[in-house]
Amino acid sequence: MRRVSPQQKARPHSAVNAFPGFAAPTSNSTFTPNQFFDVCVPNYSRGVVRLVAFLIRQALGWCDAEGNPRHERIRVSYGELVSRAGIARSEIRKTLDAALEGGFIECVHEGQASRAYSPAESASYQLRWDSRPEYIKDPKAFRGFFEGQGNRTDIPNQFFDHVVPTEPLSVIKVVASVIRFSIGFQARHGGRRQEVRLSYSDIQRYTHLRDRQTLADALRRAEDRHYIFRIEQGYFDPNAGRESRPGRFTLRWADASPFLTGLKTPPAQIEPYQYENPTGTGSKNPPVNQSENPTDIETKQENEICKQPQADAVVANAFALLKREGFTEKAAKILAGQFSEEQIRAQIAWLPRRAPSRNRLGMLRRAIEEGWPAPEELRHAEVSAGREFAQHFYAGLAGNSGLPVAEPSARDTELAGQFVERLLATKPVKTDVIAWAREFAAYADERRSARDVNSLVLVLRTHGDAWLLRFCRTQRKLREEAQEAFRAAHRTKHEPAWFRFLSETETTCREERADEYASFLAQHQNSRWLPTVGDPERLRLLAFQRHFQLPDFWPWDAEFNTEPFQPCA
């Protein structure tokens, strides 16, 4: 009889099927350094793993149009590490010290507790990067994440948002092993593995889990919670023959049709807990120290989706639609497995009205993946953006502030359209193609000589990149201003709740710490430095907050507010 661990007895049955599966990492993913899996997960405590995962998610999960992290320095409060990273408050200081010593993070601003006349400040940390050309896996030699090209993988955000903060370290290690040796491994020709064969010994060597019963329990829990899926159970040949083979695993995807339709045995008929024999020998660890590119996941099914006898009819229809449009079988299979036939059919019908000037299939794929609205909902400037940009560029260059007169060439329109796509990719605060064209014309006019030819093609080649960089800086500044306005609006909305918190604390202090409160009141009434203009009660509460070193608004908002501030996307 299989021994049941205390963790299995304790966990509620209702939570087993709560997780829907991972979303495909073509979107909603974090471009993660592989050293998180190779160095941090196998060698450090659960607190360090959760802390580093939280900072990776915050720093690398949100990037601008140029691929740069929006927030390299992460301001961290203890309340966030407790509520969002899943770290016990009593373990935070020890966890931070271990992560700093391990070389995963570095402190760029020390935090401080609230003091008299000085509010509390949260510390700021950032990921530590290593410029050395070697990819380091030895924790003793690790001095930061590899900064060069490659050795990163698009990891579904649910791994960081759900699995790491809520699961035991053994389960995190098991799921991380499947991730690292499947989608985290790049094959020789650039594809990503969808599945991997792993024996008990493989997982133990990688995760440093010493107890095989703990490993068995972790595998069972990861499978119960729908984090991983066992495609094929392992087998141990007791006669030490060649029949021994490791199990075959994959991540459990939210839309599992791309690989489940190829299984000979339906998932419901597979015995739930038949793993390979713990005493069996497995294959060697797959090589993981190879340069990688952020390519799409390659599904290694030999049979095509429309040939599967168990394939869903809707998926097959969507696959056929995409094939008729010109997609390769691989690309059509991926899209058909991730999006409904209705979504795909609608985008195909709308494509002619989008007037694609180049890379028709690229536009169609983006429209499907990003859920573009119907063309009727788009502004005219977005449909014919290239021509409009070129017209107003020439009008601006000539000093014509009215309607354009010149008709741009086809080459002008094509290159202008590409340039507008680059501008739109920065996610500008406001879309105004006409204003952009005239600003670019003024920028070029300041820098051209009398001998320069008034050609948009030549001006884009000469000044396009410089103006694009200035445009990006301007948009970044506008977003920062919008963020500050958002912060100010948040404070205006929630500041009354903060004052109620101070008032309630004052009432408690007056009743339970009467002597201290009387001393404060005497000092408050006799202090000449206090402002004399303003609401007396408000001024008294602010003085009370400073005297008793209560949290200022933002620390209070992060730790106690039921609706804490969340930066706008």
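The values are calculated or read from the model by the stated rules, or taken from the named source; none is laboratory data. Being a predicted model, the structure only gives us computed values, none of them experimental. Ideal geometry is used to build each Cβ from the backbone, glycine not excepted, and the neighbour counts take in all protein chains shown. Protein only, heavy atoms only, side chains kept; ligands, DNA and RNA dropped before computing areas. Shrake-Rupley method; radii C 1.70, N 1.55, O 1.52, S 1.80 Å.
Here is a yes/no grid of residues against (1) modelled with pLDDT under 90; (2) surrounded by 22 or more Cβ atoms within 10 Å (Cβ to Cβ); (3) outside any loop (DSSP other than H, G, I, E, B):
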| site | (1), (2), (3) |
| --- | --- |
| Val49 | no, yes, yes |
| Ala59 | yes, no, yes |
| Ala65 | yes, no, no |
| Val82 | yes, no, yes |
| Glu91 | yes, no, yes |
Can you tell me which residue is surrounded by the most Cβ atoms within 10 Å (Cβ to Cβ) among those in the stretch 349-371 that are over 29 Å from the mean Cα position of the chain (by Cα) and either in a helix (DSSP H, G or I) or charged (D, E, K, R) (or both)?
Leu351
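Where residues in the stretch 409-458 are touching a residue at least 60 places away in the same chain (Cβ under 8 Å) and part of a helix (DSSP H, G or I), which of them is surrounded by the most Cβ atoms within 10 Å (Cβ to Cβ)?
Out of the qualifying residues, it is Leu456.
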Taking the stretch 131-162 and keeping only residues that are surrounded by 18 or more Cβ atoms within 10 Å (Cβ to Cβ) and part of a loop (DSSP other than H, G, I, E, B), one is left with Tyr135, Ile136, Phe142, Gly144, Asn151
Test: residue in the stretch 444-456 that is out of contact with any Pro (no Cβ under 6 Å at 6 or more places or on another chain) and modelled with pLDDT of 90 or more:
no
If we keep only residues of the stretch 311-348 that are in a loop (DSSP other than H, G, I, E, B) and open to solvent by 70 Å² or more (accessible area, probe 1.4 Å), then the residue modelled with the highest pLDDT is Thr328
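Let's see how each residue does on (1) open to solvent by 70 Å² or more (accessible area, probe 1.4 Å); (2) closer than 30 Å to Ala437 by Cβ:
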position: Glu484; (1), (2): yes, yes
position: Ala488; (1), (2): no, no
position: Thr492; (1), (2): yes, no
position: Ala497; (1), (2): no, no
Identify all residues within the stretch 177-217 that are of a type in the set (Gly, Ala, Ser), modelled with pLDDT of 85 or more and touching an Asp or Glu at 6+ places or on another chain (Cβ under 9 Å); write none if there are none.
Ser177, Ser182
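Of the residues Ala466, Ala441, Ala406, Ala435, which single one is modelled with pLDDT of 90 or more and more than 36 Å from the chain's Cα centre (by Cα)? Lay out the reasoning, then the answer.
Numbers: Ala466 fails: more than 36 Å from the chain's Cα centre (by Cα); Ala406 fails: modelled with pLDDT of 90 or more; Ala435 fails: more than 36 Å from the chain's Cα centre (by Cα).
On inspection, the qualifying residue turns out to be Ala441.
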Name the pairs whose Cβ atoms lie under 7 Å apart, with the first residue in the stretch 459-479 and more than 16 Å from Leu397 (Cα to Cα), the second in a helix (DSSP H, G or I) and open to solvent by 30 Å² or more (accessible area, probe 1.4 Å), and 6 or more positions between them or separate chains?
Leu468/Arg422
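Could we say that Pro404 is surrounded by fewer than 18 Cβ atoms within 10 Å (Cβ to Cβ), in a loop (DSSP other than H, G, I, E, B) and not basic (Lys, Arg) here? Before you say what the answer is, go through the steps one by one.
Values: surrounded by fewer than 18 Cβ atoms within 10 Å (Cβ to Cβ): no; in a loop (DSSP other than H, G, I, E, B): yes; not basic (Lys, Arg): yes.
No; evaluated as a whole, the condition is false for this residue.
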What pairs come out if I take residues in the stretch 77-105 that are among the aliphatic types (A, V, I, L, M) and pair them with residues that are open to solvent by 40 Å² or more (accessible area, probe 1.4 Å) and in a loop (DSSP other than H, G, I, E, B) whose C-beta lies under 7 Å away, six or more apart or interchain?
Ala98/Tyr44; Ala98/Ser45; Ile105/Arg128
